[in-house]
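**Q** Take a look at this one; I'll ask things after.
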Amino acid sequence: MCNLYSQTKAAEGIRAAAKAMIDKTGNLPYLPGIFPDYMAPVVRNGTGGRELVMARWGLPSPAFALQGKNADGGVTNVRNTASPHWRRWLDTDNRCLVPFTSFCEPNQADGSKVNTWFAFDDTRPQAFFAGVWVPQWTSVRKVKEGESTNNLFAFLTTDANAEVKAVHPKAMPAILTTDEELDIWLHAPWAEAQHLQRPLPDGSLTVVKTGPKKDDVNEDQIAEALPPQAELF
């Protein structure tokens, strides 16, 4: 499961890549580490075209998962799209694009659980997960927070391709790679759109960082620009 990703490009880059007509995010923050229950941008279908909005990561959990609990932190990844719980939110009204520049999987293959960050290449081009969103859902996300109403989102996962499988054998996010795929995901009937829940071809991804909990590109650039530390005598 992917429970950590980054979005380090500006809102202008997301809008251009997704052809989003309306930006409702305000001043979109720099997001080098997006964790479950964080607010993050999504692109959804709106009455005036595609909209860039903020939503909270984690869809409503199935009833069986909430037994004995007094809060619902949400489900971050959706795999079984045949489940009635998820099927009700798979029409175009509830599909969205989840912008990302890299995503992280803990290394489970060697047992180290070292954070491993994947992107299309070292420049971390703007990309999108195949997402699902639910508007104005009222629930208790955290006990100390009490009841709140939020726009919620998650993204689909699928089998891992070769690069991700070397680190996390079970799954990877479902990633959309072309303008046509973005259009299909947002507008096509589910019978067509469901085929986008598939792994990327082997060789599509690059490991861009290992170790930290954030893929902080700005921090990397600053570190590279600093002169070598003077030797002390």
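Since every read-out is calculated from the coordinates, none of them should be taken as a lab result. The shown structure was predicted, so the numbers you read here are calculated from the model rather than taken from an experiment. Glycine also receives a Cβ, built like all others from the backbone with ideal geometry; neighbour counts cover every protein chain displayed.
**Q** Can you pull out the trypsin sites (Lys or Arg not before Pro) in the stretch 1-86 that DSSP calls coil and that have at most 11 other Cβ atoms within 10 Å?
**A** For trypsin sites (Lys or Arg not before Pro) across the stretch 1-86 that sit outside H, G, I, E and B with at most 11 neighbouring Cβ atoms in 10 Å, the list reads Lys69.
**Q** Considering Cα pairs under 8 angstrom that are at least six residues apart, work out the relative contact order of the chain and quote it in whole percent.
**A** 22
**Q** Can you sort Phe64, Phe155, Phe120, Phe100 by how many other beta carbons sit within 10 Å, fewest first?
**A** Ranking Phe64, Phe155, Phe120, Phe100 by Cβ neighbours within 10 Å, fewest first, gives Phe64, Phe120, Phe155, Phe100.
**Q** Now a separate question. Over the chain, one equal point on each Cα, no solvent: what is log10 I(q)/I(0) by the Debye formula at q = 0.08, 0.09 Å⁻¹?
**A** -0.30, -0.38
**Q** Also: Can you pick out the pairs among Lys113/Lys144; Lys144/Lys213; Lys69/Lys214; Lys170/Lys213 whose Cα atoms lie more than 27 Å from each other?
**A** Lys113/Lys144; Lys69/Lys214
**Q** Using the Karplus curve 6.51 cos²θ - 1.76 cosθ + 1.60 with θ = phi - 60°, work out ³J(HN,Hα) for each residue of the stretch 41-53 in order, rounded to whole Hz, and write x for Gly and Pro.
**A** x, 9, 10, 10, 6, x, 5, x, x, 5, 10, 9, 9
**Q** Among Lys214, Lys113, which comes first, second and so on when ranked by fewest other beta-carbon atoms within 10 Å?
**A** So the ranking, lowest neighbour count to highest, is Lys113, Lys214.
**Q** Quick check for me: using +1 on Lys/Arg Cβ and -1 on Asp/Glu Cβ, what's the dipole size of the stretch 5-225 about its Cα centre, in debye to the nearest 20?
**A** Here the stretch 5-225 has a charge dipole of around 780 debye.
**Q** Within 10 Å of each residue's Cβ, count the other Cβ atoms and sort Thr158, Thr206 from fewest upward.
**A** In increasing order of surrounding Cβ atoms, one gets Thr206, Thr158.
**Q** At R0 = 22 Å, how high is the FRET efficiency between Asn218 and Lys24 if r is their beta carbon distance? Nearest 0.05 is fine.
**A** About 0.30, to the nearest 0.05.
**Q** Karplus couplings for the stretch 67-82 from phi (6.51 cos²θ - 1.76 cosθ + 1.60, θ = phi - 60°), rounded to Hz, Gly and Pro as x?
**A** 4, x, 10, 10, 8, 10, x, x, 10, 7, 10, 10, 10, 8, 6, 7
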